[in-house]
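Since every read-out is calculated from the coordinates, none of them should be taken as a lab result. Keep in mind it's a predicted model, so treat the numbers as computed, not measured. Because the Cβ atoms are built from the backbone with ideal geometry, glycine has one as well, and the counts that use them run over all protein chains shown.
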Amino acid sequence: MRRLTALLVAVLLTACVPELDTSTRAESVIGTYQLRSYGGRPLPTQTSSDEEGTTELLGGELKIASDKSWTETRTYRYTQTGTVQQYTFGSAGSWVFLREGADMQFNDKVLGYQFTGTAAGGSVTLSLNDGYTLVYSR
């Protein structure tokens, strides 16, 4: 009877852990992700356009490391009067979980600002300071 009671207590305590699922654990978010959407639009997508030219986001990669660091690269295409240029933007910094669960804070050491993200189910959604979201997945 004591063993049964102990087993039931252990099961109940385990069920009360405030974690979304195992994909929100720090060791589960470590890895490389590919950029899938920008501002709710699938890639490639136009990010700006004016009389000077058009900029499109073609792709990107986010690497989250176990030492609490991250790197990100994004590839853009700029078209101006028939001339096409492709360039890559990169950034890096550190990350932490804000609380139990999937919410993360990213500190950008290159550009000197912070933004938040959510990691769960094999994807990371970044909420940038300009109001846009980036969705990365494995």
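Once every Cα of the range 21-137 carries one equal point scatterer and solvent is ignored, give the base-10 log of I(q)/I(0) from the Debye formula at q = 0.20, 0.21 Å⁻¹, two decimals.
Result of the Debye calculation: -1.08, -1.17.
If packing is taken as the average number of other Cβ atoms within 10 Å across a peptide's residues, how do 37-47, 79-89 rank, most packed first? Don't jump to the answer; show the numbers that get you there.
Values: 37-47: 14.1, 79-89: 10.3.
Descending mean neighbour count gives 37-47, 79-89.
Explain nothing, just compute: Karplus ³J(HN,Hα) = 6.51 cos²θ - 1.76 cosθ + 1.60, θ = phi - 60°, for every residue of the range 43-53 in order, whole Hz, x for Gly and Pro.
8, x, 9, 6, 9, 7, 7, 8, 5, 7, x
If I model a spin label at Thr71 and Ile30 as a point 7 Å from the Cα along the Cα→Cβ vector, what separation in nanometres do I get?
The two pseudo-label positions are separated by 1.7 nm.
How many nm separate the modelled label positions at Leu98 and Glu61, each set 7 Å beyond the Cα in the direction of the Cβ?
Each label point lies 7 Å from its Cα, and together they span 2.9 nm.
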